[in-house]
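**Q** I have a structure I would like to understand better, so I am pasting it below and will then ask my questions one at a time.
The values are calculated or read from the model by the stated rules, or taken from the named source; none is laboratory data. The shown structure was predicted, so the numbers you read here are calculated from the model rather than taken from an experiment. Positions of Cβ are backbone-derived with ideal geometry, glycine not excepted, and every protein chain shown enters the neighbour counts. Heavy atoms of the whole protein, side chains included, go into the accessibility calculation; ligands, DNA and RNA do not. Shrake-Rupley method; radii C 1.70, N 1.55, O 1.52, S 1.80 Å.
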Amino acid sequence: MSISKKYKISGMTCAACSARVERFVKKIDGLEKASVNLATETLSVTFDEDRVNDAIIENVVVKAGYGIIHKLEENVTPEEKISTLKKRLTFSLLFLIPLLGFSMGHMLGHMTGLFSVPHFMDPGKSPVTVALAELLLTAPIVMTGRAFYRTGFKNLISLAPNMDSLIAVSTTAAIVYSLFATAMILLGNRSYVNSLYYESAATILALITMGKYLEAIAKHRTSDAIRSLLDLAPKTARVEFADGEKTLPVEQVKEGYQIVVRPGESLPVDGIITEGETDINESMLTGESVPVSKTVGDEVYGATINTTGFFKYRATKIGEDAALARIVRLVEDAQEAKLPIARLADTISGYFVPVVIGLALIAAVFWGIRGESFKFVLTIFVSVLVIACPCALGLATPTAIMVATGKGAEYGILFRGGDALESACHITSVVLDKTGTITNGKPVVTDIFPLGIPEDKLLGLAASAEQGSEHPLGRAVTDCAKARRVPLLPLAAFNAIPGCGIEALALGKPLRAGKRSWLESEGVRLPAELLTKADQLASRGKTPIFIAHGNVSQGLIALADTVKPESIDAIRSLKEKGIKTIMITGDNPRTARAIAEEIGIDEYRAGVMPEGKAQEVKLLKAQGEIVAMVGDGINDAPALAAADIGLAIGTGTDIAIESANIVLMRSDLRDVARTIELSQKTLRNIRENLGWAFGYNILGIPVAMGVLHLFGGPLLSPMIGAAAMSLSSVSVLTNALRLKRIKFSDY
């Protein structure tokens, strides 16, 4: 039996690390799928539990040079990581500033003419003091950054060098050479005071730490969506027991408990209202700002806010089964997903560091052969190693995914995986179910056409006849009468005639509401103007109900499943994007045509059963279309599964999530266009990130190798290389965070 699990991986610092872990894990016999996400530091795997277990996976991860975090207390929170890096950076700067004073202060003073350094800080006057001071100031910075050396050399020895290896080798080379120079100074050779590289090594370590600190802050911001969702849920619940109310932690609430909610309070768990009525703000789950009216029998969801009334409800879904937990799980899954576009970066990252070390050695040998000084050669070697760290490559895709999926969650758009987020921008055709997707999914009274009597009287007659009916059309009529406060007549008898209508006795005369053919068979004469009106309404997809009292026609009432107000705008926005729209419905052709014409849809198929919808989708795919299917996620499940992209539209709770790639929680068809727009902007952002990351390395490495110097240009300082490397990662993260400011087109 196959199962899927996630593991938190410790020790990863760059794309080379994540690529190595993934490469090792994929070699496990019995493993079906493995993906490592650097941004979330997670390993997601699917494997045969009869052949693979936690111990096997952990052994392989450890063999790759990393660790698995099993316990909560072992897991360092983002806040703790940021705090630790801030302390490391502050400590490093406390020593780096005076170190730079010793190493560069005299040059700055000479260049500006504004000041002169004290005698003991001048290398020309006090070389021994300066050398020892630089050594003593560098040592604490090296100790603070010892993690770079621990993991860097460990991975280098195991022939799996990563970013830390580049930093460790480059700074160690600078420090070792500086120690040699210090020894020569102590032996009396004062000229070596100009060959000290302590400040380069210390500055590199400090700048890398600063980059990691800024990176941690930016990565923390990408997870705002998850944190804000989790913060919505209250920590306690007011539970009603036989001996009174008690306030319990949410974790202690069980199914069947009676929950009491007062105005302004958040609901602790999902459930069904048993007493009272209210309006509930569900925007935190659906993105819909208008409160939803709720009464006895209606479902309510944890973390939503009770705006007005007092009510009680029975807890039905708690913990991992609750709507909020499912939403959080979907967002987390999507954030940890790996887009197909990321595979190129992963492939390159896995071989990048060894290639960089090779290039650094080649450049050093080249300049050595040309007769350059050891100091010059060392500068080249260190610069190449430092500037080429592939952090930006590893962060380019996952950070954009994290921000985009969080932004989608704000609008009730939930991606089940990275493939859906990437594929949505390629959609060429959108297939839509009618009932509940384009329309509201239930009939309402649209027209009242009386014959010589007031509208309300005709409505009252129809509602009186239908008051005992359970048919959806009958309930729509009685709901309309109730909303207009129309009084009903008392009935002496009631008889529902299947396929025909309703017959009752009111005020001593028969009262009938139903089909034309049935009323005519009962001797009721229907005027020509009434029949003409009925034909007009039917041609527009409406269902006419004829009403007669005492065998005298009183008029007709028309009902229809009305189009959602936003559906017209949704179809227009899709067509503006060049996307073909097709409606597939099981309804009759006349109704389908009327709806299609009303909303401006390109094509429609009528009288299609659920299994037929899947065939229609497959036919479109065979014609070369990239097809998205939009449905309610239940009876449309076969078509949702058959489409390139399945979008389940509904409340976000009772939808067939397993059949869809994307969940649109607001039942707002405009979110289809928003999904496509979000996908387009996310892919553009990822391409920008990858372009920046690749371009930076393509341009930076040759400069660090001294190509410009060959033609009389400048030589890149290792410190500038370290700053540029750190800023490349921060720039990628900052660019990804731009997705948080997306403003969707006004649909």
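**Q** Across the stretch 688-747, which residue is modelled with the highest pLDDT among those that are more than 30 Å from Glu410 (Cα to Cα) and not in a helix (DSSP H, G or I)? Before you say what the answer is, go through the steps one by one.
**A** Of the stretch 688-747, the ones more than 30 Å from Glu410 (Cα to Cα) are 694-726.
After this cut, where a residue has to be not in a helix (DSSP H, G or I) as well, the list is 706, 711-717.
On the way: Gly706: 89, Phe711: 85, Gly712: 82, Gly713: 82, Pro714: 81, Leu715: 79, Leu716: 76, Ser717: 71.
If we take residues in the stretch 688-747 being more than 30 Å from Glu410 (Cα to Cα) and not in a helix (DSSP H, G or I), then Gly706 is modelled with the highest pLDDT.
**Q** Which condition from (1) touching a Pro at 6+ places or on another chain (Cβ under 9 Å); (2) part of a strand (DSSP E or B); (3) within 22 Å of Val552 (Cα to Cα) is the one that Phe494 breaks?
**A** The number of the failed condition is (1).
**Q** Please find, among Ala325, Ala342, Ala334, the residue that is within 29 Å of Ser423 (Cα to Cα), within 19 Å of the chain's Cα centre (by Cα) and at pLDDT 75 or above.
**A** Numbers: Ala342 fails: at pLDDT 75 or above; Ala334 fails: at pLDDT 75 or above.
After ruling out the rest, the residue left standing is Ala325.
**Q** Which numbered condition in (1) out of contact with any strand residue (DSSP E or B) (no Cβ under 7 Å at 6 or more places or on another chain); (2) open to solvent by 20 Å² or more (accessible area, probe 1.4 Å) is the only one that Lys575 fails?
**A** Checking Lys575 against (1) out of contact with any strand residue (DSSP E or B) (no Cβ under 7 Å at 6 or more places or on another chain); (2) open to solvent by 20 Å² or more (accessible area, probe 1.4 Å), the one that fails is (1).
**Q** Pull up the stretch 506-533, narrow it to residues that are modelled with pLDDT of 90 or more and farther than 13 Å from Ala548 by Cβ, then point me to the one that is most open to solvent (accessible area, probe 1.4 Å).
**A** Glu529
**Q** May I ask you to list the residues in the stretch 289-308 that are modelled with pLDDT under 85 and surrounded by fewer than 17 Cβ atoms within 10 Å (Cβ to Cβ)?
**A** Correct list: Ser289, Val290, Ser293, Thr307, Thr308.
**Q** Among residues belonging to the stretch 13-48 that are assigned to a loop (DSSP other than H, G, I, E, B) and touching a residue at least 60 places away in the same chain (Cβ under 8 Å), point out the one that is farthest from Pro78 (Cα to Cα).
**A** Only one residue tops the list, namely Cys14.
**Q** Quick one: Asp479 ticks every box in (1) charged (D, E, K, R); (2) open to solvent by 30 Å² or more (accessible area, probe 1.4 Å); (3) farther than 20 Å from Pro454 by Cβ; (4) modelled with pLDDT of 85 or more bar one, so which box is it?
**A** Of everything listed in (1) charged (D, E, K, R); (2) open to solvent by 30 Å² or more (accessible area, probe 1.4 Å); (3) farther than 20 Å from Pro454 by Cβ; (4) modelled with pLDDT of 85 or more, Asp479 misses just condition (3).
**Q** Going by what's in this entry, would Ile626 be described as open to solvent by 10 Å² or more (accessible area, probe 1.4 Å) and within 21 Å of Thr562 (Cα to Cα)?
**A** The answer is no for Ile626.
**Q** Here's a follow-up. For the stretch 426-437, does any single residue satisfy the condition of being surrounded by fewer than 20 Cβ atoms within 10 Å (Cβ to Cβ) and in a helix (DSSP H, G or I)? First the steps, then the outcome.
**A** We begin by selecting, within the stretch 426-437, every residue surrounded by fewer than 20 Cβ atoms within 10 Å (Cβ to Cβ); these are 426, 428, 435.
Cutting the leftovers down to in a helix (DSSP H, G or I) gives us 426, 435.
Yes, the stretch 426-437 has at least one match.
**Q** With respect to the numbered conditions (1) in contact with a Phe, Trp or Tyr (Cβ under 9 Å, 6 or more places away or on another chain); (2) crowded, with 19+ Cβ neighbours inside 10 Å; (3) not aromatic (Phe, Trp, Tyr), which one is the sole condition not fulfilled by Asp561?
**A** (1)
**Q** Okay, next question. Going through Met583, Met609 one at a time, which residue ends up being crowded, with 18+ Cβ neighbours inside 10 Å and either touching a residue at least 40 places away in the same chain (Cβ under 8 Å) or not small (Gly, Ala, Ser) (or both)?
**A** Working: Met609 fails: crowded, with 18+ Cβ neighbours inside 10 Å.
Of the residues listed, the single one that is crowded, with 18+ Cβ neighbours inside 10 Å and either touching a residue at least 40 places away in the same chain (Cβ under 8 Å) or not small (Gly, Ala, Ser) (or both) is Met583.
**Q** Let me ask another. Being within 49 Å of the chain's Cα centre (by Cα) and open to solvent by 40 Å² or more (accessible area, probe 1.4 Å), is that true of even one residue in the stretch 184-202? Can you show your working first?
**A** Of the residues in the stretch 184-202, the ones within 49 Å of the chain's Cα centre (by Cα) are 197-202.
Within this subset, residues satisfying the condition of being open to solvent by 40 Å² or more (accessible area, probe 1.4 Å) are none.
No, there is no match, as no residue in the stretch 184-202 is within 49 Å of the chain's Cα centre (by Cα) and open to solvent by 40 Å² or more (accessible area, probe 1.4 Å).
**Q** When the residues of the stretch 494-505 are narrowed to those that are open to solvent by 20 Å² or more (accessible area, probe 1.4 Å) and of a type outside the set (Val, Ile, Thr), which ends up farthest from Pro589 (Cα to Cα)? Steps first, please.
**A** Here is the first cut: in the stretch 494-505, the ones open to solvent by 20 Å² or more (accessible area, probe 1.4 Å) are 494-500, 503, 505.
Keeping just the survivors that are of a type outside the set (Val, Ile, Thr) gives 494-496, 498-500, 503, 505.
Numbers: Phe494: 33, Asn495: 31, Ala496: 28, Pro498: 23, Gly499: 20, Cys500: 21, Glu503: 30, Leu505: 36 Å.
So, considering only residues that are open to solvent by 20 Å² or more (accessible area, probe 1.4 Å) and of a type outside the set (Val, Ile, Thr), the one farthest from Pro589 (Cα to Cα) is Leu505.
**Q** Are any residues in the stretch 1-34 open to solvent by less than 50 Å² (accessible area, probe 1.4 Å) and more than 15 Å from Ala64 (Cβ to Cβ), and if so, which ones? Even if it seems obvious, please write down each step before you answer.
**A** Just the residues of the stretch 1-34 that are open to solvent by less than 50 Å² (accessible area, probe 1.4 Å), to begin with: 3, 7, 9-22, 24-25, 28, 30-31, 34.
Ile3, Gly30 - these are the residues of the stretch 1-34 that are open to solvent by less than 50 Å² (accessible area, probe 1.4 Å) and more than 15 Å from Ala64 (Cβ to Cβ).
**Q** A further question on this structure: Cβ-Cβ distance below 6 Å, separation of 6 or more or different chains: which pairs start in the stretch 456-468 with a residue that is in a helix (DSSP H, G or I) and end on one that is among the polar types (S, T, N, Q)?
**A** Note: pairs meeting the criteria are Leu458/Gln554; Leu461/Gln554; Ala463/Thr478; Glu466/Thr478.
**Q** Further question on the same structure: Could we say that Thr144 is open to solvent by 10 Å² or more (accessible area, probe 1.4 Å), farther than 16 Å from Ser200 by Cα and β-branched (Val, Ile, Thr) here?
**A** Working: open to solvent by 10 Å² or more (accessible area, probe 1.4 Å): yes; farther than 16 Å from Ser200 by Cα: no; β-branched (Val, Ile, Thr): yes.
Criteria not met by Thr144.
**Q** Right, something else. Pull up the stretch 438-464, narrow it to residues that are open to solvent by 10 Å² or more (accessible area, probe 1.4 Å) and of a type in the set (Gly, Ala, Ser), then point me to the one that is nearest to Leu640 (Cα to Cα).
**A** Among residues in the stretch 438-464 that are open to solvent by 10 Å² or more (accessible area, probe 1.4 Å) and of a type in the set (Gly, Ala, Ser), the one nearest to Leu640 (Cα to Cα) is Gly441.
**Q** Moving to a separate point now. Quick test for you: out of Thr151, Thr171, Thr129, pick the one residue that is surrounded by 22 or more Cβ atoms within 10 Å (Cβ to Cβ) and over 20 Å from Val384 (Cβ atoms). Lay out the reasoning, then the answer.
**A** Numbers: Thr171 fails: over 20 Å from Val384 (Cβ atoms); Thr129 fails: surrounded by 22 or more Cβ atoms within 10 Å (Cβ to Cβ).
None of the others qualify; the one that does is Thr151.
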